[in-house]
């Protein structure tokens, strides 16, 4: 994947995350400024996504730490490059549930 393809896929993913939040019952606010997506929960905690074109990765910062995701073209999924290789939406659902204090189930549209 080249940097242009990465940017297209990453942009689509950021929109997809926003759509997933709009379609879930959880109370999560979000804002995107300059390609950085910030999710904010009622308790003030945040999860922040940023695109890292030179590394061809999406980065996510949460209370529990920072995570880097690589795009797997054969499965069309973002996979965490550490730990057990958790898929982006699974990890985002889990961390949103932990941080927001209410069940959150997010999936790609």
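Derivation of every value follows stated rules applied to the coordinates shown; laboratory data play no part. As the structure is a computational prediction, the values presented were derived from the model and not from experiment. Methodologically, a virtual Cβ is constructed for each residue, glycine included, from the backbone with ideal geometry; neighbour enumeration extends over all protein chains shown.
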- Task: Take the chain, connect every pair of alpha-carbon atoms lying under 10 Å apart with a spring to form a Gaussian network, then pick out the residue of 85, 34, 65 with the largest mean-square fluctuation.
- Result: 34
- Which distance in Å, rounded to a whole number, links the C-alpha centroids of region 1-37 and region 80-100? 15
- Message: For the chain, take the longest principal axis of its alpha carbons; what is the angle in degrees between that and the long axis of helix 3-22, to the nearest 10 within 0 to 90?
- Response: 20
- Note on the structure: In nanometres, the difference between 0.36 nm per residue of separation and the alpha-carbon distance of residue 105 and residue 15 is 30.7 nm
- In degrees, nearest 10, range 0 to 90: what is the angle between the Cα axis of helix 88-100 and the longest Cα principal axis of the chain? 30
- Item | 222 nm mean residue ellipticity, helices alone, for the chain (DSSP H n ≥ 4; -39,500 (n - 2.57); rounded to 500) | -10000 deg cm²/dmol
- Task: Mind sorting 4, 107 by how few other Cβ atoms lie within 10 Å of their own Cβ, fewest first?
- Result: 4, 107
